[in-house]
Amino acid sequence: CTQDRCQRLDLSGNTRNCFLTGSPDSYRNFIGKGLRCLLNFPNTEVHSNAHHSSGRFCFQSSQPLGEKITSLQISSVGQLPRHFSVWNIQITRSFHTSPSFQAAPVPLFWIIVKPAQKLFAIILGRSIRNWWKALPPNKRELFKESARKNKWKILLGVSSLGVLFVVFYFTHLEETPITGRARLLVFGKEHFRELSRMEYDMWMEEFKSKMLPETDARYQVVERVVGHLSESNKDIPQVSALKWVIHVVDEPGVNAFVLPNGQVFVFTGLLNAVSDIHQLSFILGHEIAHAVLEHAAEKASLVHFLDFLSLIFLTMIWAICPRDSLAVVGQWIQSKLQEFVFDRPYSRTLEAEADKVGLQFAAKACVDVRASSVFWQQMELAETIQGQPKLPEWLSTHPSHENRAEHLDRLIPEALKIRESCNCPSLSGPDPRLIFKLNMQHLLESSKDQETPNSTERDLSKPKLDFPHT
């Protein structure tokens, strides 16, 4: 859209609404090709002093953020125009930051030993079952009678084993940085960073032909956003201790992840999905929070602990089930129970915590934190328009887009206080959440008006709707 129709966001919070107008195909163009706008970042004054208020240290560059996040046009050409192009909002199937494999590389030793331990448990359980079947009836009775006589000794032994697990758990609890949440941490941090270097080599080998050069405008945008986030949060030891290295991958997937050693990977599909610099800053703050909070080591520690416990139940399943086929079914049920009762809910908890801390990082960087929930509302709208099935949240490792937006809405008031305490420029423009809500209301009203009397259902993939011009 032309500049006079565009919503322009600057870091002082000034906005002008941007909507598509014109032909009935405008909405389709918005969905299929994206909303193209221009952002200007005036030289907003950013305080250079290290400000301390309400127990928070706010570090801000003496260079205005409008200069630090240089106005770049997103294109494959490495030129630097005067205007910053808002990336196209593209409809994507889903957006999951920090996939479990990328975010939580398991220790190399555990990768090797884990299958062997399960195999040993299966063999042991099956051997116990065959041994029991081979016992004569009289010996079985004698064994049962002996177990009844020594039931208290058996109970004491099982209880002692349980106490050992409890002691191990509580002696390996640590406090999560920033949030102070107690969490299990089994693996050493340095050892885990060494393994992350191995994973880094793997990703570099996979994406070596798709890496954007440093002269590319998209690379420079990500570099400046990450640099500003890290500079604004350098009072946090975990942030200042890491060297943040940027890698922009020319991939259509809407994804980004940060390895525990500070290697940042951003796909160009994400740059096409965010609406403005504020949404990108929040997403990258979320990913940096994963690395700072050491979620990779925490998730691997929980998996390690639960898998070790499951070996006992796995042995019992193969010992009790009369046939191998039933034992296989029992093992599958056990693995699914562990996955949906422990693994996935815990992963969603870590995602919510990264959202909270990432929002704080963005607030200290003087980002418009209100744009964070709009991003997830856009993703929800995208999936709805494409007719993607809505899976229950308990089936996913990530919160649903709707719940994620609601969670961020509850966190935004506190983030705005943090932003104010850092002497950031005030947000004088309209709330982007309100603008999005009004657009959705108009979208629904327009869709009802354009439905023909004979139509029984509306084709969401090809809507003929216009956005209002305000």
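Results, tabulated for the structure shown:
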{"read-out": "Selection status of residue 164, assigned to a helix (DSSP H, G or I) and either aromatic (Phe, Trp, Tyr) or under 23 Å from the mean Cα position of the chain (by Cα) (or both)", "value": "no"}
{"read-out": "Pairs, first surrounded by 10 or more Cβ atoms within 10 Å (Cβ to Cβ) in segment 155-179, second among the charged types (D, E, K, R) and assigned to a loop (DSSP other than H, G, I, E, B), C-beta under 8 Å, six or more apart", "value": "175/181; 176/294; 177/294"}
{"read-out": "Per-region count, segment 396-410, residues closer than 14 Å to residue 349 by Cα and open to solvent by 60 Å² or more (accessible area, probe 1.4 Å)", "value": "1"}
{"read-out": "Of all residues making up segment 432-463, the number that are assigned to a helix (DSSP H, G or I), open to solvent by 80 Å² or more (accessible area, probe 1.4 Å) and either touching a Lys or Arg at 6+ places or on another chain (Cβ under 8 Å) or at pLDDT below 50 (or both)", "value": "1"}
{"read-out": "Test result for residue 123, surrounded by 13 or more Cβ atoms within 10 Å (Cβ to Cβ), at pLDDT 90 or above and farther than 29 Å from residue 396 by Cβ", "value": "no"}
{"read-out": "Those residues of segment 214-271 which are within 18 Å of the chain's Cα centre (by Cα), among the small types (Gly, Ala, Ser) and either more than 16 Å from residue 294 (Cβ to Cβ) or in a helix (DSSP H, G or I) (or both), in sequence order", "value": "253, 256, 269"}
{"read-out": "Neighbours by Cβ (under 6 Å, 6+ apart or cross-chain): first from segment 322-333, under 19 Å from residue 133 (Cβ atoms); second open to solvent by less than 80 Å² (accessible area, probe 1.4 Å)", "value": "327/317; 327/318; 327/321; 330/317; 330/321"}
{"read-out": "Enumeration of residues in segment 350-372 that are part of a helix (DSSP H, G or I) and either of a type in the set (Lys, Arg) or more than 26 Å from residue 235 (Cβ to Cβ) (or both)", "value": "356, 364"}
{"read-out": "Where residue 202 falls short, out of the listed (1) over 29 Å from residue 401 (Cβ atoms); (2) assigned to a loop (DSSP other than H, G, I, E, B)", "value": "(2)"}
{"read-out": "Residue match in segment 302-317 (condition: open to solvent by less than 10 Å² (accessible area, probe 1.4 Å) and within 27 Å of residue 133 (Cβ to Cβ))", "value": "yes"}
{"read-out": "Selection status of residue 408, modelled with pLDDT of 95 or more and closer than 21 Å to residue 271 by Cβ", "value": "yes"}
{"read-out": "Cβ pairs under 9 Å, 6+ apart, first in segment 234-245 and acidic (Asp, Glu), second surrounded by 15 or more Cβ atoms within 10 Å (Cβ to Cβ) and assigned to a loop (DSSP other than H, G, I, E, B)", "value": "235/59"}
{"read-out": "Test: residue in segment 377-386 that is modelled with pLDDT under 90, touching a Ser or Thr at 6+ places or on another chain (Cβ under 9 Å), over 29 Å from residue 175 (Cβ atoms) and open to solvent by 50 Å² or more (accessible area, probe 1.4 Å)", "value": "yes"}
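The values are calculated or read from the model by the stated rules, or taken from the named source; none is laboratory data. Model, not experiment: these values are computed from the prediction. Positions of Cβ are generated from backbone atoms using ideal geometry, with glycine treated the same way; all protein chains shown enter the neighbour counts. Surface areas here come from the heavy atoms of the whole protein model, side chains and all, with no ligands, DNA or RNA. Shrake-Rupley method; radii C 1.70, N 1.55, O 1.52, S 1.80 Å.
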